[in-house]
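Here's the structure we're looking at; comments come further down.
The values are calculated or read from the model by the stated rules, or taken from the named source; none is laboratory data. All values derive from a computational prediction rather than experimental measurement. Cβ placement follows ideal geometry from the backbone for every residue including glycine, while neighbour counts extend to all protein chains displayed.
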């Protein structure tokens, strides 16, 4: 997992070619100008732009991916993202066709996400997004999917 300020994202170039392509696309693109839904960023990388209302963390499941890195970027609003050791989780649902494992369990770390922050979550790292900070609020978000295969 990498948690950093958006201005520092280029420090993580060189980890993989596909991740480099995603980071370049994020740095060069006005994410707010992209359409709602799926947006192709490179030949291998896409992002989803969507809105939602944050919820109390106990209502949400952790998600873990086997194939994709997630890069979480807030366009407006703020949320908490909890992260945990997948080995400590209880799996409650699996959707292999969507690269998704849903689980419950204790959190190890909590990141407050604003439009200045970036969270990169690698395959095998459980993360619970959409958690409210103080009260429910509408979030505009862009999540980039980077395949590791």
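Tally up the residues in region 106-121 that are crowded, with 17+ Cβ neighbours inside 10 Å and farther than 18 Å from residue 74 by Cα, please. Count: 1.
Across region 135-149, what is the number of residues that are surrounded by fewer than 13 Cβ atoms within 10 Å (Cβ to Cβ) and modelled with pLDDT of 95 or more?
Just the residues of region 135-149 that are surrounded by fewer than 13 Cβ atoms within 10 Å (Cβ to Cβ), to begin with: 135-136, 138, 149.
Going one step further and asking which of them are modelled with pLDDT of 95 or more, we end up with 135-136, 138.
Total satisfying the criteria: 3.
Given the criteria within 30 Å of residue 21 (Cβ to Cβ), assigned to a strand (DSSP E or B) and touching a helix residue (DSSP H, G or I) at 6+ places or on another chain (Cβ under 8 Å), does residue 38 qualify? No.
Screening residue 51 with (1) assigned to a strand (DSSP E or B); (2) touching a helix residue (DSSP H, G or I) at 6+ places or on another chain (Cβ under 9 Å); (3) more than 22 Å from residue 5 (Cβ to Cβ) gives one miss only, at (2). Taken as a whole, region 45-60 holds at least one residue that is farther than 28 Å from residue 136 by Cβ and either loosely packed, with under 12 Cβ neighbours inside 10 Å or touching a strand residue (DSSP E or B) at 6+ places or on another chain (Cβ under 9 Å) (or both). Which residues, taken from region 23-39, are loosely packed, with under 11 Cβ neighbours inside 10 Å and over 22 Å from residue 129 (Cα atoms)? Within region 23-39, 28, 30, 33 meet the criteria. Picking from residues in region 75-105 that are in a strand (DSSP E or B) and in contact with a helix residue (DSSP H, G or I) (Cβ under 8 Å, 6 or more places away or on another chain), the one that is surrounded by the most Cβ atoms within 10 Å (Cβ to Cβ) is 101. Here is a check on your reading of the model: is residue 65 under 27 Å from residue 30 (Cα atoms) and out of contact with any strand residue (DSSP E or B) (no Cβ under 6 Å at 6 or more places or on another chain)? Judged against the criteria, residue 65 is a match.
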